[in-house]
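The values are calculated or read from the model by the stated rules, or taken from the named source; none is laboratory data. Since we're looking at a predicted model, the values are computed, not measured. Glycine also receives a Cβ, built like all others from the backbone with ideal geometry; neighbour counts cover every protein chain displayed. Just so you know, the surface numbers come from the protein's heavy atoms only, side chains and all, with ligands and any DNA or RNA stripped out. Shrake-Rupley method; radii C 1.70, N 1.55, O 1.52, S 1.80 Å.
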Amino acid sequence: MLRLRHSPASPFVRKVRICAALLGLADRIELVPADTTDANEPLREQNPLGRIPTLILEDGATLYDSPVIVEYLDMLAGGGGVIPPTGPERIEALRQQAFADGLLDAALIQVYEVRFRPENLRSADWMAYQADKVRRALAYAETHLTSALPGKLHVGHVALACALGYLDLRFEGRWRADHPRLIAWLDGFSAKVPAFEETRFTA
């Protein structure tokens with residue numbers, strides 16, 4: 001049995017779980033909670049960065065972060081499941097994953113700035129810088145990434161759905177006011193991928 005060190009609110013964990021479901025591997029993964037803020041958490045030995053998701057293989061080896069884990073799961077399922085094996089299609093899927101992961105990074109930084117830094121030490125300029133990344137990414141996705149979903153989804157689609165889901169969770173869905181095409185795209189993704197709703201975290 002594979003073990004996934006996780007937090008249910010993590011969008012990167014959600015990406016791994018949805019990909020696992022699409023690959024037919026969800027029943028081979030045990031979810032093991034992790035507290036990334038606990039200095040005594042075994043996660044810090046399993047992954048020196050102390051980050052989630054971390055996948056523990058049956059031989060005790062560990063994989064991280066989410067792009068590597070998804071690549072491994074795709075390989076385990078026979079290849080070409082959520083990551084095209086070769087050519088321009090593979091590069092585009094990985095590019096879209098990197099784009100959505102970058103959007104998520106900018107959103108997470110804003111959350112962590114409030115969660116971990118005292119108010120008098122927070123930087124309004126730094127927060128605005130990250131918020132502008134999110135704004136630009138959403139504008140790009142609204143224009144370029146909202147075409148009809150193909151019959152076979154790839155990791156880039158999953159990553160974008162998880163990014164939008166995180167904005168719903170932590171930013172009260174404010175992105176929805178100006179992005180009707182992304183709303184329709186996400187509704188289509190959710191209808192096509194039951195695991196998206198199954199992995200939804202509600203605070």
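See the values below:
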| item | result |
| --- | --- |
| Leu55, sole failed condition from (1) surrounded by 15 or more Cβ atoms within 10 Å (Cβ to Cβ); (2) touching a residue at least 24 places away in the same chain (Cβ under 8 Å); (3) assigned to a loop (DSSP other than H, G, I, E, B) | (3) |
| Yes/no for Leu138 being touching a residue at least 60 places away in the same chain (Cβ under 8 Å) and not small (Gly, Ala, Ser) | no |
| Some residue of region 60-72 being among the charged types (D, E, K, R), modelled with pLDDT of 95 or more and surrounded by fewer than 15 Cβ atoms within 10 Å (Cβ to Cβ) | no |
| Filter result (of a type in the set (Asp, Glu) and surrounded by 15 or more Cβ atoms within 10 Å (Cβ to Cβ)) within region 40-52 | Glu41 |
| Flag if Arg122 is modelled with pLDDT under 95, touching a Ser or Thr at 6+ places or on another chain (Cβ under 9 Å) and under 29 Å from Thr36 (Cα atoms) | no |
| Residue match in region 105-128 (condition: over 21 Å from Phe12 (Cβ atoms) and polar (S, T, N, Q)) | yes |
| Meets criteria (at pLDDT below 95 and surrounded by fewer than 17 Cβ atoms within 10 Å (Cβ to Cβ)) for Thr37 | yes |
| Odd one out for Asp168 among (1) within 18 Å of the chain's Cα centre (by Cα); (2) within 30 Å of Arg28 (Cβ to Cβ); (3) in contact (Cβ under 8 Å) with a residue 24 or more places away in the chain; (4) open to solvent by less than 70 Å² (accessible area, probe 1.4 Å) | (3) |
| Failed item in (1) of a type outside the set (Lys, Arg); (2) surrounded by fewer than 18 Cβ atoms within 10 Å (Cβ to Cβ); (3) closer than 17 Å to Ala161 by Cβ, with Met75 passing the rest | (3) |
| Filter result (open to solvent by 70 Å² or more (accessible area, probe 1.4 Å) and assigned to a loop (DSSP other than H, G, I, E, B)) within region 14-34 | none |
| Residue satisfying condition, being closer than 23 Å to Arg51 by Cα and surrounded by 12 or more Cβ atoms within 10 Å (Cβ to Cβ), within set Ala106, Ala139 | Ala106 |
| Filter pass, Val134 being over 21 Å from His6 (Cβ atoms) and surrounded by fewer than 16 Cβ atoms within 10 Å (Cβ to Cβ) | no |
| Helices (runs of 4 or more DSSP H) within region 83-189 that include 2 or more residues within 25 Å of Asp65 (Cβ to Cβ) and of a type in the set (Phe, Trp, Tyr) | 87-116, 124-144 |
